[in-house]
Amino acid sequence: MPLPRLQFAHFMTYDELTAFVEELAASAPGVVRLRSIGDSREGRAIHLLAITDESTGPAEAKPAYLVHGNIHAVELAGTHAALFTARKLAAEGRKSELLKRVGFYIVPRINPDGAEFAVTTSGSIRSRTDRSERAANTLYQEDVNGDGLILTMRLPHPNGPFVSDPKDRRLLIRRTRKSKPPFFRTLPEGMVHEWDGTDHIAVEGRSLDWNRNWSYDWRPEPEQWGAGDFPFSEPEMRALAEFIFSRPNLFGILGYHTGPNAVLRPPSTGSENDLNEGDVRIMQELAEVGAEHTGFPVIPVVKYRRDDARDINLRGHFHDF
Ligand SMILES: [Zn+2]
């Protein structure tokens, strides 16, 4: 049975993802095993691919490397990158010297619920939006006109930050001091809950960022936006953390995101001087391999805003954990 083809024409729904990982495991016996690290909040299995040459032992018996993707709902390319990695390893299979010595754990979509919302609606959320208690004057994203998509709406507003693009009126560009009205603000397609008629409209209720839900230097909201109720309050992050804690053979972890076109490395808080010097050296050296392949620079997360002179501190970040 040939390995499944990885198409790049569109992002995958959960069912497409499931079919792909099932086929990959079925087509690479003795190399790829499909498991689950637990269930998402909405009950979707969080797929795990364990990849190694089992003729020299299972992944658990070897030093192992973990790859996860798509912790942020709209960063669907992370799933594709993780599947590309898995498929490449599976294609090398028993011919690979690496797989004789090393195991790979690949979780292509750690946030299957958020990704499903993003891929099926084009709506935008960070990791999860808590809609259990709806707040007044708050817009909740919804496909209002039934075209299957959550698009962006423009509204004329004297203080709006956008003007329409003279080259293509369908597009909006940033307003400058020379711009002439009409000005526009934007809102995602949706319904405003208990609207009071003013233009003070918030978008979505409480947003959770699962890359702020990890235990190292976790801080509550609002000190750290998106942190959640406590470290690992989100079942998907708890499942991943428990998986990591139960695998003392892990020596490295990589998360796939779509952010600032960079290979990001620790620290996410504080100063580089707080870290072990040898650790920094080896992380930098490994990150430079990524930089060679991508052409992106290596930057510590604290320097994430490259155009800003100030360092940032992202508390409860996976990197620091
Ligand atoms: Zn991200």
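The values are calculated or read from the model by the stated rules, or taken from the named source; none is laboratory data. Computed from a prediction, not measured in an experiment: that's the story for all the values here. All Cβ positions, even for glycine, are placed from backbone atoms using ideal geometry, and neighbour counts span all protein chains on display. Keep in mind that these areas ignore ligands, DNA and RNA; they rest on the heavy atoms of the full protein, side chains included. Shrake-Rupley method; radii C 1.70, N 1.55, O 1.52, S 1.80 Å.
General observations
- Overall form of the chain per C-alpha gyration tensor (a/c, 1.5; a/b vs b/c): prolate
- The three principal axes of the Cα atoms in the stretch 107-163 give end-to-end lengths of 46, 25, 24 Å, sorted in falling order.
- Fraction of accessible area attributable to carbon and sulfur, the stretch 84-125 (%, probe 1.4 Å): 57
- Solvent-accessible surface (1.4 Å probe) assigned to PHE162 amounts to roughly 40 Å².
- Of all DSSP-defined beta bridges confined to the stretch 133-206, some 90% are antiparallel rather than parallel.
- Once exposed loop GluC sites (Glu not before Pro) are cut out (DSSP; at most 14 other Cβ, 10 Å), longest piece of the chain: 224-321
- The stretch 25-102 - Kirkwood radius from inverse mean 1/r over Cα pairs (Å): 13.4
- Rounded to the nearest 20 debye, the dipole magnitude of the stretch 100-164 is 500 debye, with +1 charges on Lys and Arg beta carbons, -1 on Asp and Glu beta carbons, and the Cα centre as origin.
- Relative contact order of the chain, pairs being alpha-carbon contacts under 8 Å that are 6 or more residues apart, as %: 17
- Overall form of the stretch 133-206: oblate. Here a/c, set by the Cα gyration tensor axes a ≥ b ≥ c, is 1.5 or more, and a/b is not larger than b/c.
- For the chain, the per residue solvent-accessible surface stands at 53 Å², with DNA, RNA and ligands left out and a 1.4 Å probe.
- Assuming charge only on the beta carbon of Lys and Arg (+1) and of Asp and Glu (-1), the dipole of the stretch 133-206 about its Cα centre is about 820 debye to the nearest 20.
- Rounded, prolate or oblate (a/c below 1.5 giving rounded, otherwise prolate when a/b exceeds b/c) for the stretch 203-321 by Cα gyration tensor: oblate
- Fraction of antiparallel bridges per DSSP, the chain only, in percent to nearest 5: 60
- Within the chain: Cβ-based charge dipole about Cα centre, in debye rounded to nearest 20 (Lys, Arg +1; Asp, Glu -1): 980
- Computed from the alpha carbon atoms alone, the convex hull of the stretch 164-226 holds 191 Å³ per residue.
- Accessible-area ranking of TRP218, TRP225, TRP210, largest first, probe 1.4 Å: TRP225, TRP218, TRP210
- According to the Cα-based calculation, Rg over Rh for the stretch 48-185 is 1.21, with Rh computed by the Kirkwood formula.
- Accessible area of the stretch 133-206 belonging to carbon and sulfur atoms, whole % at 1.4 Å probe: 56
- Of the listed residues SER132, SER122, the order by accessible area with a 1.4 Å probe, largest first, is SER132, SER122.
- Within a Gaussian network of the chain (alpha carbon springs, distance under 10 Å), most fluctuating of ARG310, ARG206, ARG247: ARG310
- If you take the Cα centroid of the stretch 191-268 and the Cα centroid of the stretch 58-134, the two points sit 16 Å apart.
- Only helices enter this figure: runs of n ≥ 4 DSSP H residues, each worth -39500 (n - 2.57), summed and divided by the residues of the chain, yield -7000 deg cm²/dmol at 222 nm to the nearest 500.
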